[in-house]
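S.K.: Have a look at the structure that comes next, please.
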Amino acid sequence: MSEVLPLLDELLFRSVDGVSVVSVEVTDTAVVVEARTTAKRVPCPGCGCWSGRRHGSYLRFPRDLPAAGKPVVVSLRVRRFVCAQETCRRRTFAEQVPGLTRRFGRQTERLRSELVAVALALAGRVGARMTDIFEAPVSRNTLLRLVASLPDPVAATPRVLGVDEYAQRKGRIYGTVLVDV
């Protein structure tokens, strides 16, 4: 098994540094990947000071892309550290694994990017039905929330602008429309 674990690291977390696979358990209903972080020191998100003094640890269970028709759950051991700066407002902080998780996230970045792609293509109820098919079920509201959380695209400055005024109700409600011609 010891010679298989490096191959699993490369297969499951090839784009993520600082994570190693401890074990993989396949059951009838799911695949559970037990992983842990390997960084010795991490920066404090409050002040940026590097800390290696551990405060404790806890488990996170983000969902990942399904494998062989079964949902994958990553059992990730995340450590808490004590900030070395006495002037920092954060006394303790949890390490984040960039490329794998985000704060308060219940999904890995890979699964989140796939869900965003489905949400942009299909949105709402149809997107929720599609995620059921590839074994990553989420609600339609989750898909819409993912679309709303995306940054706005950069809009080019228009060269020609058309202006039109209209009345919804004569003498009461007026509006102006600006059109990029």
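S.K.: In whole angstrom, and with the biggest value first, how far do the Cα coordinates of the range 17-108 range along each principal axis?
M.R.: Over the range 17-108, Cα extents along the principal axes are 51, 21, 20 Å.
S.K.: Further, regarding this structure: Provide the per residue accessible area, probe 1.4 Å, for the chain, rounded to a whole number of square angstrom.
M.R.: Ligands and nucleic acids excluded, the result is 69 Å² per residue.
S.K.: So what's the range 74-130 giving for Rg/Rh, alpha carbon basis, Kirkwood Rh from the mean inverse pair distance?
M.R.: Over the Cα atoms of the range 74-130, Rg/Rh equals 1.20.
S.K.: Projecting each Cα onto the charge dipole of the range 16-82 (Lys/Arg +1, Asp/Glu -1 at the beta carbon, about the Cα centre), which of Ser51, Ala35, Val21 comes out farthest on the positive side?
M.R.: Working it through, the farthest residue towards the positive pole turns out to be Ser51.
S.K.: Sort Glu114, Glu95, Glu86 from largest to smallest accessible area, using a 1.4 Å probe on the heavy atoms of the protein chains.
M.R.: The most accessible residue leads, giving Glu86, Glu114, Glu95.
S.K.: Here's another thing I want to ask about it. Taking amide hydrogens as modeled 1.01 Å from N in the peptide plane, which residues meet the under 5 Å criterion relative to Leu65, leaving out close sequence neighbours?
M.R.: Residues meeting the amide H criterion: Leu111.
S.K.: With each label point set 7 Å from Cα along the Cα-Cβ vector, what nm distance links Arg80 and Glu25?
M.R.: Label-label distance for Arg80 and Glu25, simple model: 2.5 nm.
S.K.: Which percent, nearest 5, of DSSP beta bridges in the chain are antiparallel?
M.R.: 80
S.K.: Quick one: with all protein chains in place, what share of the accessible area of the chain is carbon or sulfur, to the nearest percent (1.4 Å probe)?
M.R.: Ligands and nucleic acids excluded, carbon and sulfur give 53 percent.
S.K.: Going from most exposed to least, what order do Arg36, Arg172 have by accessible area with a 1.4 Å probe?
M.R.: Largest to smallest exposure gives the sequence Arg172, Arg36.
S.K.: Compare Glu165, Glu109, Glu135 by solvent-accessible area with a 1.4 Å probe and give them largest first, with all protein chains kept in place.
M.R.: Heavy-atom accessible area, descending, gives Glu165, Glu135, Glu109.
S.K.: Over 31 Å, how big is the tail of the calculated P(r) for the chain, in percent of all Cα pairs?
M.R.: 41
S.K.: Further question on the same structure: So, counting K/R as plus one and D/E as minus one, what does the shell of residues with Cβ under 11 Å around Pro62 add up to?
M.R.: Spelling it out: positives minus negatives among the neighbours equals +4.
S.K.: Follow-up. Report the extension gain between Val154 and Val116 in nm, rounded to one decimal, defined as 0.36 nm multiplied by the number of residues separating them, less their alpha carbon distance.
M.R.: 11.8 nm
The values are calculated or read from the model by the stated rules, or taken from the named source; none is laboratory data. As the structure is a prediction and not an experimental result, all values here were calculated from the model. When we count neighbours, we look across all protein chains shown, and the Cβ atoms used for this are built from the backbone with ideal geometry, even at glycine. Accessible surface is based on the protein model in full, side chains and every heavy atom, while ligands, DNA and RNA are left aside. Shrake-Rupley method; radii C 1.70, N 1.55, O 1.52, S 1.80 Å.
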